[in-house]
Amino acid sequence: MEQWEQQAFAAPEGREEYMQRNHIRRRKRAYIGGLLTGAGATVLLAVVLAVVLLVTGTITVGGAGQETVSENGMLLDEAATLKLDRLAMEIYANYYEDIDEDALIDGVYKGLFSGLGDPYSVYYTPEEYQEIMIDTTANYYGIGAALQQNKNTMEVTITRVYDDSPAYKAGLKAGDRIVMVEDIEAVTMELSELVTHIRGEEGTSVHLQIVRDDEPMEFDVERGEVDIPTVEHRMLDDEIGYIEVVEFAQNTPGYFQQAIEDLQAQGMKKMVIDLRNNGGGLVVACQQMLDMLLPQGVLFYTEDKYGNRQDYTSEGSTYLDIPVAVLVNGYSASASEIFAGAVRDYGYATLIGTTTFGKGIVQNVRQMEDGSAYKITVARYYTPNGDYIHGVGITPDVELEFEYLGDADTDYDELQDNQVLKAMEVLRGEVQ
């Protein structure tokens, strides 16, 4: 879509039910809601100039060919401008600590989007946008280890070391507790900030002090390019293949295709696709994956506020005609629901689990000239049959709450997962 990158983001996180799995854990970010404040008359003027399109009241809506003009032709009238100026001067005169003018200006931009009352429409600083793009591409320069922080003790633990990553080559292991990153005590910093000190330019090194089985150890890890696997797969019993899709990132379709081909080479005749706790990602990635499975036709479509409809279709050239079950739960959102809705409407797969999150809207993300970016909700999406699932979710064909039948202290085993076992029963024809 030219400069636009269409994405379907969702708020839900959480792998509370699957803590025993050492899978990718997405970092929760708490972005500032945005106080509508300025930083003195000079700073305020710069802010007002920065939103000149809004002040003049004419905006061209991308892709819609429409112009929108506010009721009085201005977003900030004279009274609003004077009020902002007064508030800024009050801050300068009376705030008890030094003032970060850049943070105040960012607060104005954030507050503008916050005023929409839409949690999915957000302004990002350049630094925040770079973090978002790491999640979107599942690619970055670092050491290749998934980390988790205890919210009470702030201790940071490695939950997974990716194969062939710098961390793997250095000898780090899952379960290692990070004590120091360079000269920074891990417990003194939020994980989202700590990882910025672990990542860095390719070829540079980061010094880590860790504790493994109560024994202190030190590592110098050379940073390198890390491609996070977003798909995992294995063969189960009875010619049934299992594929878990962690998120819909740029690299996900490639991993998904590799998983299918590998499982077919092992004799797969039936397939379980696990979308539980998958909060979404790129719409185009979801479309590409559905195109690998479904016959020719509309996979889903979007409509904006002007009634413009855009169809996303499958060519049907790689239609995979085998029995399929798809696992979902309350944390399956956005692109996961697009996927689930499409396979349901085509009668292609049996949905098993609990009702999905219910996010039926799509966002566009655009980077600006200064490196900042914004994400804005632009359309509703509908399943092939025309269902709008926002706030409702998708009810599975077989409703079943999760229960892990194995020992929670051991590594996760799909064959001890009651929802996976139910999917296998369905694929064998044991459940009508």
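The values are calculated or read from the model by the stated rules, or taken from the named source; none is laboratory data. Note that this is a predicted model, so its numbers are computed, not measured. Cβ: placed from backbone, ideal geometry, glycine included. Neighbour counts: every protein chain shown. Note: areas computed on protein heavy atoms with side chains; ligands, DNA, RNA excluded. Shrake-Rupley method; radii C 1.70, N 1.55, O 1.52, S 1.80 Å.
Some notes on this structure:
- Any hit, the range 213-235, residues being open to solvent by 60 Å² or more (accessible area, probe 1.4 Å), modelled with pLDDT of 90 or more and under 30 Å from residue 325 (Cα atoms): yes
- Residue check, residue 363 in contact with a strand residue (DSSP E or B) (Cβ under 7 Å, 6 or more places away or on another chain), over 21 Å from residue 400 (Cα atoms), buried (at least 22 other Cβ atoms within 10 Å of the Cβ) and modelled with pLDDT under 95: yes
- Selection of the range 322-344 for residues being open to solvent by 30 Å² or more (accessible area, probe 1.4 Å) and modelled with pLDDT of 95 or more yields 322, 323, 344.
- Among the residues making up the range 298-325, those that are over 23 Å from the mean Cα position of the chain (by Cα) and within 15 Å of residue 349 (Cβ to Cβ) are 314, 319, 320, 321, 322, 323, 324, 325.
- Taken over the range 139-159, the criterion of being closer than 22 Å to residue 251 by Cβ and of a type in the set (D, E, K, R) is satisfied by no residue.
- Test: residue in the range 266-274 that is open to solvent by less than 30 Å² (accessible area, probe 1.4 Å) and not aliphatic (A, V, I, L, M): yes
- Looking only at the range 397-417, and only at residues there that are surrounded by 14 or more Cβ atoms within 10 Å (Cβ to Cβ) and closer than 13 Å to residue 272 by Cβ, the one that is modelled with the highest pLDDT: 398
- Selection from the range 69-82 of residues that are within 15 Å of residue 112 (Cβ to Cβ) and either modelled with pLDDT under 80 or open to solvent by 90 Å² or more (accessible area, probe 1.4 Å) (or both): 70, 74, 75, 76
- Selected residue [closer than 30 Å to residue 362 by Cβ, out of contact with any His (no Cβ under 9 Å at 6 or more places or on another chain) and polar (S, T, N, Q)] from 125, 81: 125
- Any hit, the range 385-403, residues being in a helix (DSSP H, G or I) and either under 29 Å from residue 313 (Cα atoms) or within 26 Å of the chain's Cα centre (by Cα) (or both): no
- Residue check, residue 308 modelled with pLDDT of 95 or more, of a type in the set (S, T, N, Q) and surrounded by fewer than 21 Cβ atoms within 10 Å (Cβ to Cβ): yes
- Boolean, residue 253 is without any contact (Cβ under 8 Å) to a residue 60 or more places away in the chain, crowded, with 18+ Cβ neighbours inside 10 Å and either not small (Gly, Ala, Ser) or not in a loop (DSSP other than H, G, I, E, B) (or both): yes
- Restricting attention to the range 344-359, the residues being free of Cβ contacts under 8 Å to residues at least 60 places away in the same chain and either of a type in the set (S, T, N, Q) or outside any loop (DSSP other than H, G, I, E, B) (or both) number 6.
- Residue within the range 332-341 that is small (Gly, Ala, Ser) and over 18 Å from the mean Cα position of the chain (by Cα) present: yes
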